[in-house]
1. Does segment 211-218 contain at least one residue that is touching a residue at least 60 places away in the same chain (Cβ under 8 Å), more than 16 Å from LEU173 (Cα to Cα) and in contact with a Lys or Arg (Cβ under 9 Å, 6 or more places away or on another chain)?
2. Name the residue that is surrounded by the fewest Cβ atoms within 10 Å (Cβ to Cβ), counting only residues in segment 216-236 that are more than 14 Å from ALA272 (Cβ to Cβ) and under 20 Å from the mean Cα position of the chain (by Cα).
3. Considering only residues of segment 237-254 that are of a type in the set (Phe, Trp, Tyr) and open to solvent by 30 Å² or more (accessible area, probe 1.4 Å), which is farthest from the chain's Cα centre (by Cα)?
4. Go through (1) over 26 Å from ARG164 (Cβ atoms); (2) within 29 Å of the chain's Cα centre (by Cα); (3) open to solvent by less than 60 Å² (accessible area, probe 1.4 Å); (4) not small (Gly, Ala, Ser) one by one and return the number of the condition GLN30 breaks.
5. So PRO92 ticks every box in (1) surrounded by fewer than 20 Cβ atoms within 10 Å (Cβ to Cβ); (2) over 17 Å from ALA33 (Cβ atoms); (3) modelled with pLDDT of 95 or more but one. Which box is left unticked?
6. Residues in segment 257-272 that are open to solvent by less than 30 Å² (accessible area, probe 1.4 Å) and outside any strand (DSSP E or B): how many?
7. When you scan segment 133-148, how many residues do you find that are over 16 Å from LEU177 (Cα atoms) and exposed (fewer than 15 other Cβ atoms within 10 Å of the Cβ)?
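The values are calculated or read from the model by the stated rules, or taken from the named source; none is laboratory data. The structure presented is a predicted model; accordingly, all values stated were derived computationally and were not measured. All Cβ positions, glycine included, derive from the backbone under ideal geometry; neighbour counts span all protein chains shown. When the accessible area is computed, the model is the full protein with side chains, heavy atoms only, and any ligands, DNA or RNA have been set aside. Shrake-Rupley method; radii C 1.70, N 1.55, O 1.52, S 1.80 Å.
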Amino acid sequence: MNRFAAAERALRTAAPHELLDAIRAVLTEQYGAEDVELFMADYGLTVLQPVSVLPHTLEPVSVHNSPAGRAFGAQQPFCEDTRDGRARLHLPVSVRGDRLGVLSVTLPDAGAARRWESELAEVADVLGHEVVVAERDTDLYLQARRKDRLTLAAEMQWHLLPGRSCSRPEYDLAAQLEPAYAIFGDNFDWSATADHLMLYVTNGMGEGIEASLLTNLAINALRNARRAGISIADQAALADQAVYAHYQGRCYLSVLMFDFDLAAGRASVVDAGSPQLLRLRDGTVERVSFDAQLPLGMFEETDYVAQEFDIEPGDRLVFVSDGVHAVASPKGEAYGEAALARAVHATRLLPAAEVPRSVLRELTGHRGEAVPDDDALVVCLDWHGRPSGG
């Protein structure tokens, strides 16, 4: 059995809570590794938290200015030379573009790091898939993602999300929600098939548990309708009925819904509320407006109509909730469309996975306080179009 096959088998046969022990043992035996650590990105994407089983503990490392953070941000292996002549390989752990964390492997020297880098990068990919599967049966990796305690509402909301990023030949998609550890009702959801990508950006009323319950009802109603194979206009209508039936108009939820046809390069859109869309095309940022319709659950049996939207290869679409475009500075000045357009333009050279976090950092500077009093949600979609022959 070759080295990679041995590592893969060790991961696939390990108990869910023992993935780190399994990979540590096999990398020591097969590659001569002297130390192996797994770090998970926290919910706020500020630090990489070690997966620790007592008494084995480590300190978190920064996403922004650490060797492991460099590998995480670039999604490329990074080799760190240590003072004692050893080499530490930091390998991104991700699943279909969803960035989970970093596997750090200390090897005897730089030669060993160069020799084994590509194989160990593949091992890190397998580890990412196994972590996602293991999270069904253990809390270990979910606990490692939090540097602070989540509120109950945040716990409910994070379990509702599909991931924070994903990639396909036609597009790169990423999102980030703040505050990460307390929730006021914003949400995103996506689902892809061979020919379609469906994307929802939502903004619910209220805060805490009530906001989370409203969002859970609406998102699951939308998913239920989507999985029945009906159009997004009918998805909106069925979710509207579900929300109204429960709340009788007392609470409602804004949503911006897209059904992208991956082959045709266009989308059907339902705009039912406050989330906004900015498009970066050929270096120019512009707000894209749609026909405004009523939020879900505001009135009984609302009819929704989809409109068409064309998208071109090279377009970047940035979706934001009102916690971004309407947030006020300490002087009461709204962040506004112009400032948001500048932030989108300033991040034009970053990959999609980095854009939401960068825009939210800019927003924090405008707000003047670290913890917002409303959700702020940014979703970034880079559209490449279907490759020829795809």
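1. no
2. ASN220
3. Restricting attention to segment 237-254, the residues satisfying the condition of being of a type in the set (Phe, Trp, Tyr) are 244, 247, 252.
Subset that is open to solvent by 30 Å² or more (accessible area, probe 1.4 Å): 244, 252.
Details: TYR244: 29, TYR252: 25 Å.
Out of the qualifying residues, it is TYR244.
4. GLN30 satisfies all of (1) over 26 Å from ARG164 (Cβ atoms); (2) within 29 Å of the chain's Cα centre (by Cα); (3) open to solvent by less than 60 Å² (accessible area, probe 1.4 Å); (4) not small (Gly, Ala, Ser) except (2).
5. (1)
6. Result for segment 257-272: 2.
7. Of the residues in segment 133-148, 5 are over 16 Å from LEU177 (Cα atoms) and exposed (fewer than 15 other Cβ atoms within 10 Å of the Cβ).
For (1) under 27 Å from CYS166 (Cα atoms); (2) assigned to a helix (DSSP H, G or I), each residue gets a yes or a no:
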site: TRP190; (1), (2): yes, no
site: VAL201; (1), (2): yes, no
site: ALA211; (1), (2): yes, yes
site: LEU214; (1), (2): yes, yes
site: ILE230; (1), (2): yes, no
site: ALA239; (1), (2): yes, yes
site: HIS246; (1), (2): no, yes
site: CYS251; (1), (2): no, no
